[in-house]
């Protein structure tokens, strides 16, 4: 961005009068990396902040005059009265380089001001504790030669130790410093935690490497960028795949500060056999430590979400994983919006660290074809199959090359190959999905009238459909959803006519049997593939709930179990049956904990009535659709003596301006709650929901009903509740 001639002259005059210049001032933390202060000039007339901006080429930013300086010591605020290189409130587009510079001119600061915050109250442009004096940080000076993460240089690529000002990560655990000694070039570091003490010796080398030794360790380590994102050679494969146990994630988020506005993260865990959600909160502590525990039944590849930035990980039941994250690198990753890129500096430690390293590097390797929605209208199924067929060959070759080059273990190799196949299958399923509905809307499009034949699904013959370790891959959730509902199982036009629940059970079982025979004949195989087994188990929860008859449900679930070869799936069938029929009360109390505390403060005043809770967001189109379609229904029951509605959202999923506008237009007379994202995370964990919209119903005593009211059948469901109340009274 070029300065105007007048602006440049004024800028030069001010520079000549400058009393103090701080180049690249240090800061404690910041919420965004788009704007960086590169220089501060303090004169008698003004305080000039030179700013370097980095963003997407041809995208715009707009900076308002409310971006203020705050004196950390006094709390006094100072507002800019002009800019050089930009205009207040104007959309300024980035050039091809994606970079530009400007100056913000503020009033002169008192000579006693040594530290400032730079804050825009309306967005993430917040930088805290910018130093106006030479660096006097409280970092441990004795660590200056060895601070950071140390990775082995012997080809195993293991993260051995991480040393930071507040803590140490070593042996897959968190430690504090007991003593630090420097003897010549060597450092003697004594650590302690609840398990005891440990001593490490660091001997820096001339080439930037460091020899690290302890009682059982003597190894050369380095700090090469991202060299840790390579698996450790191993011959390990899956053993004892299905087992229930707690797994732990812990770590350190460098650069974290509670002023950033979040104190939790999330892991969106789910049971793919029962379709249940088990979102789990990651607690982030003031010193940057974070931790959570997950109830696992098999290995998983998931993401941690911290401030909406996702961090991939792989973990097995009973294991502990330690992760190092640098918040500044996470901001750069988020700013780039390139999710195929890596978060720089990420480190993993623990039994699954090797797979985490490889998985982080390849998680986004096989890209989804986002042109599929356009192709649905332009290409026949056969044309789309021909278009995608070379991609499958390419991906398989890519996987084989990476496996050979990085010496993947059999376990890691299996996961990478399966990930490629499942991503390909998802695209193929998505192409056929919705084409029939499109043909009803666009009756003139002849392409939409051409249906796929069986050859379209030939890719299934290349897939390990009987490999239960598919569940360890990140894309399994999406794949099994598409597989369960693919048109292949209904393309013969099978229809069932149901006259009673007994007939309905027979009809469902007959439909299941048809799917089994069709797939076995097509593959061909004499076994029922695991993918079809779990697909039929997944539908069982809904089937039994709709039957509402214990004996018929028992007959149904036992028939499903007869086709299962994996004990884990049979156990999940029994669990679903017991969950529906073991508790006759139809309701339950909320679990104790932070989530209940947050919810109780909101919901307690509604006791004595039934309460329908709508978890929603302005950024969620289905949420808005449900709210808008139910407007007349809610109007009808407003101020009803027996029922209330409340609407809960979070501040990150419902930005303030959008929230205020939407509530004014659609929820003006409703009870709405917009709570901090960290509180909302605890409500997700409390009520077990990953996605929204999500609905819960509480009875008059504040117990949660196992069958929630929905807008679609609200009046029928409410009538049934009243009838049950009357029956209980009689």
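Go through (1) touching a helix residue (DSSP H, G or I) at 6+ places or on another chain (Cβ under 8 Å); (2) part of a helix (DSSP H, G or I); (3) more than 28 Å from residue 708 (Cα to Cα); (4) without any contact (Cβ under 8 Å) to a residue 40 or more places away in the chain and name the single condition residue 520 misses. In the conditions (1) touching a helix residue (DSSP H, G or I) at 6+ places or on another chain (Cβ under 8 Å); (2) part of a helix (DSSP H, G or I); (3) more than 28 Å from residue 708 (Cα to Cα); (4) without any contact (Cβ under 8 Å) to a residue 40 or more places away in the chain, residue 520 misses (1) alone. When residue 618 is tested against (1) in contact (Cβ under 8 Å) with a residue 60 or more places away in the chain; (2) under 23 Å from residue 644 (Cβ atoms), just one condition goes unmet, and that condition is (1). The condition (being in a helix (DSSP H, G or I), outside the structural domain of residue 308 (by TED's automatic domain parsing) and closer than 30 Å to residue 242 by Cβ) is satisfied by just one residue among 623, 573: 573. Number of residues in segment 185-216 that are touching a strand residue (DSSP E or B) at 6+ places or on another chain (Cβ under 9 Å) and part of a strand (DSSP E or B) equals 21.
Screening the candidates 67, 49 for the property of being in the same structural domain as residue 122 (by TED's automatic domain parsing), over 14 Å from residue 132 (Cβ atoms), surrounded by 14 or more Cβ atoms within 10 Å (Cβ to Cβ) and at pLDDT 95 or above yields one hit, 67. Exactly one residue out of 578, 583 is surrounded by fewer than 19 Cβ atoms within 10 Å (Cβ to Cβ), free of Cβ contacts under 8 Å to residues at least 40 places away in the same chain and either closer than 30 Å to residue 701 by Cβ or in contact with a strand residue (DSSP E or B) (Cβ under 9 Å, 6 or more places away or on another chain) (or both): that is 578.
Matching residues to (1) loosely packed, with under 12 Cβ neighbours inside 10 Å; (2) within 42 Å of the chain's Cα centre (by Cα); (3) at pLDDT 95 or above; (4) within 22 Å of residue 97 (Cβ to Cβ):
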residue	(1), (2), (3), (4)
5	yes, no, no, no
8	no, no, no, yes
13	yes, no, no, no
18	no, no, no, no
28	no, yes, no, no
33	no, yes, no, yes
37	no, yes, yes, yes
43	no, no, no, no
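Across segment 289-310, the number of residues qualifying as more than 16 Å from residue 262 (Cα to Cα) and in contact with a strand residue (DSSP E or B) (Cβ under 8 Å, 6 or more places away or on another chain) comes to 10. Within segment 70-84, restricting attention to residues that are modelled with pLDDT of 95 or more and in a loop (DSSP other than H, G, I, E, B), the residue that is nearest to the chain's Cα centre (by Cα) is 72. Listed by first and then second residue, the pairs with beta-carbon distance under 6 Å, at least 6 apart or on different chains, first residue in segment 430-455 and touching a residue at least 40 places away in the same chain (Cβ under 8 Å), second assigned to a loop (DSSP other than H, G, I, E, B), are 432/452; 447/380; 450/380.
If you check 165, 257, 240 for being touching a residue at least 24 places away in the same chain (Cβ under 8 Å) and not assigned by TED's automatic domain parsing to the domain that holds residue 305, only one passes: 165. Considering (1) at pLDDT below 95; (2) in a loop (DSSP other than H, G, I, E, B); (3) surrounded by fewer than 16 Cβ atoms within 10 Å (Cβ to Cβ), the lone condition that residue 243 does not fulfil carries the number (1).
Conditions tested, residue by residue: (1) surrounded by fewer than 21 Cβ atoms within 10 Å (Cβ to Cβ); (2) outside any loop (DSSP other than H, G, I, E, B); (3) at pLDDT 90 or above.
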position: 295; (1), (2), (3): yes, yes, yes
position: 303; (1), (2), (3): yes, yes, yes
position: 314; (1), (2), (3): no, yes, yes
position: 318; (1), (2), (3): yes, no, yes
position: 322; (1), (2), (3): no, yes, yes
position: 342; (1), (2), (3): yes, no, no
position: 348; (1), (2), (3): no, yes, yes
position: 356; (1), (2), (3): no, yes, yes
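The values are calculated or read from the model by the stated rules, or taken from the named source; none is laboratory data. These numbers come from a predicted model, not from an experiment. All Cβ positions, even for glycine, are placed from backbone atoms using ideal geometry, and neighbour counts span all protein chains on display.
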